[in-house]
1. Considering only residues that are assigned to a strand (DSSP E or B) and in contact (Cβ under 8 Å) with a residue 60 or more places away in the chain, look in region A:227-236 and name the one that is surrounded by the fewest Cβ atoms within 10 Å (Cβ to Cβ).
2. Out of all the residues in region A:269-283, which are touching a residue at least 60 places away in the same chain (Cβ under 8 Å) and either within 23 Å of residue B:36 (Cβ to Cβ) or touching a strand residue (DSSP E or B) at 6+ places or on another chain (Cβ under 7 Å) (or both)?
3. Only one of (1) surrounded by fewer than 17 Cβ atoms within 10 Å (Cβ to Cβ); (2) without any contact (Cβ under 8 Å) to a residue 40 or more places away in the chain fails for residue A:202. Which number is that?
4. Can you tell me which residue within region B:18-46, out of those that are part of a helix (DSSP H, G or I) and touching a strand residue (DSSP E or B) at 6+ places or on another chain (Cβ under 8 Å), is farthest from the other protein chains (Cβ to nearest Cβ)?
5. Conditions: (1) out of contact with any strand residue (DSSP E or B) (no Cβ under 7 Å at 6 or more places or on another chain); (2) in a loop (DSSP other than H, G, I, E, B). Residue A:127 meets all but one. Number of the miss?
6. When residues of region A:290-313 are filtered for being within 11 Å of chain B (Cβ to nearest Cβ) and not in a helix (DSSP H, G or I), how many remain?
7. (1) in contact (Cβ under 8 Å) with a residue 40 or more places away in the chain; (2) in contact with a strand residue (DSSP E or B) (Cβ under 8 Å, 6 or more places away or on another chain); (3) away from chain B (no Cβ under 14 Å): which one isn't true of residue A:27, the others all being true?
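The values are calculated or read from the model by the stated rules, or taken from the named source; none is laboratory data. Source: prediction; values computed, not measured. Positions of Cβ are generated from backbone atoms using ideal geometry, with glycine treated the same way; all protein chains shown enter the neighbour counts.
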């Protein structure tokens, strides 16, 4: 086989938000470069953040998918290969192996995403615990809760709280279990987290905080969840939303440098020449930011680089909106600097400002109607990665 | 007045309401929003928004 040449395509592995956003941004800059996108699933484009707030609006998986792989191929003028699992990458010869075939690349972008973290659980129904990390899993969940009444959620972080609110709005009973003392404990200061807890409780959440699920067993038509504190609860379906772990195995096997994610520099370049990483699988300059806004900013920078104008990623201050209609929450996480939260409570809710030792605003959290101050506060923040 | 939805994050732009806190007054039509505007929730470009239904404002 001939070594790869620059006339070979740019190959993107992954058809999630990162992969497709990069393709879209690249096409705005270069209409002609050959582009191949490899997808593990059927390759439809969908809004992932919508998965945790689509129930209340009765959206089916098919309605969330806004374009099929074929439509995306036309729109992006790209070759899209579906059901393609990449088994190995040879970074020296610039080829990758998938399903017994080899594909040559001029540049390779790994947009592999992340896997949901699974809790080690006992019980004969531990394998029935569901997770939603893609459209197909969302479809399975919709089917599982059809005609059912109660869902137990493991994990009261951003995704857990969003699902809880969405399930309540769709008429389900919700148990929410988390080892922390408060929901959104990693994002919010105490007073703000407490307000979220109370608002979701008023909306119907039954809290089980400061404990974890130990076992899930089937008792007739129901599931029994045993908690570490000795209590137990009954639910029809158990959904875990514990967190994400970057997919690094393929990169590791190819000899790329990995840490918690695939290690890249500010150019999104991995330790191998011509290989880049983007999105939830990438640890960019030491940071993994599994949110939409960082992906948009990184995809734009990488598109420029791939189009011939090397551009480092710049992260502006990036507020994260927690989609809990029962209690609006916006948070802009402060970087790891010493400082303190200053919490102000008024009729509009809570405004918490994180200030460093010199009194400079480094991050904020807004709860309730105060969430409207998002734009005003974001303007006062410095970029995360300038 | 129409509503538009961000294809990436689901944010809805309602022409009737505008986004006053982002400097877009109520009753601003979609075509009058600058081309370099981006979704306040996820940063997607104006060109990547899609229209939701063709009906009147939802509110």
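1. A:234
2. Those that are touching a residue at least 60 places away in the same chain (Cβ under 8 Å) and either within 23 Å of residue B:36 (Cβ to Cβ) or touching a strand residue (DSSP E or B) at 6+ places or on another chain (Cβ under 7 Å) (or both): A:270, A:274, A:275, A:276, A:277, A:278, A:280, A:281, A:282.
3. Every condition holds for residue A:202 apart from (2).
4. B:30
5. The single condition residue A:127 does not satisfy is (2).
6. Residues meeting the conditions: 1.
7. For residue A:27, the exception is condition (3).
Every residue, every condition in (1) over 23 Å from residue A:113 (Cβ atoms); (2) in a loop (DSSP other than H, G, I, E, B); (3) in contact (Cβ under 8 Å) with a residue 24 or more places away in the chain; (4) within 14 Å of chain B (Cβ to nearest Cβ), yes or no:
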{"position": "A:23", "(1), (2), (3), (4)": "no, no, yes, yes"}
{"position": "A:40", "(1), (2), (3), (4)": "no, yes, yes, no"}
{"position": "A:50", "(1), (2), (3), (4)": "no, no, no, yes"}
{"position": "A:55", "(1), (2), (3), (4)": "no, yes, yes, yes"}
{"position": "A:63", "(1), (2), (3), (4)": "no, no, no, yes"}
